[in-house]
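Visitor: Next up is a structure, given as structure tokens.
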Amino acid sequence: MVTVVDGRLTVAVSSRANMVVELTRPISVTRPLGRRAQVTTIHFFTDDPSTALKQLTA
């Protein structure tokens, strides 16, 4: 499930997200059917949050 609401992009697995990334500035994303949106926060699910955090901050 992919949703964009109030600048928050959520890419959930089984309606769950366990990571939140707050961006320092808005970015433009392309939604599944091609529509574009500006987001400042990304919520997503990962099996290994520690590794995801290390990769995001590297």
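Visitor: Quick check: is even one residue across the range 39-47 open to solvent by 100 Å² or more (accessible area, probe 1.4 Å) and touching a residue at least 24 places away in the same chain (Cβ under 8 Å)?
Guide: Taking the range 39-47 and keeping what is open to solvent by 100 Å² or more (accessible area, probe 1.4 Å), we get 47.
From what is left, the residues that are touching a residue at least 24 places away in the same chain (Cβ under 8 Å) are none.
Checked the range 39-47: no residue is open to solvent by 100 Å² or more (accessible area, probe 1.4 Å) and touching a residue at least 24 places away in the same chain (Cβ under 8 Å).
Visitor: Please verify whether the range 28-38 includes one or more residues that are exposed (fewer than 10 other Cβ atoms within 10 Å of the Cβ), hydrophobic (A, V, I, L, M, F, W, C) and out of contact with any Phe, Trp or Tyr (no Cβ under 7 Å at 6 or more places or on another chain).
Guide: Taking the range 28-38 as the starting set, the residues that turn out to be exposed (fewer than 10 other Cβ atoms within 10 Å of the Cβ) are 28, 30, 32-36.
Within this subset, residues satisfying the condition of being hydrophobic (A, V, I, L, M, F, W, C) are 33.
If we keep only those that are out of contact with any Phe, Trp or Tyr (no Cβ under 7 Å at 6 or more places or on another chain) too, we end up with 33.
Yes, the range 28-38 contains at least one residue that is exposed (fewer than 10 other Cβ atoms within 10 Å of the Cβ), hydrophobic (A, V, I, L, M, F, W, C) and out of contact with any Phe, Trp or Tyr (no Cβ under 7 Å at 6 or more places or on another chain).
The values are calculated or read from the model by the stated rules, or taken from the named source; none is laboratory data. A quick note: this is a predicted structure, and the numbers were derived from the prediction, not measured. Note that we place each Cβ from the backbone using ideal geometry, even for glycine, and neighbour counts take in every protein chain shown. All accessible areas refer to the heavy atoms of the entire protein, side chains included, with ligands and DNA or RNA removed. Shrake-Rupley method; radii C 1.70, N 1.55, O 1.52, S 1.80 Å.
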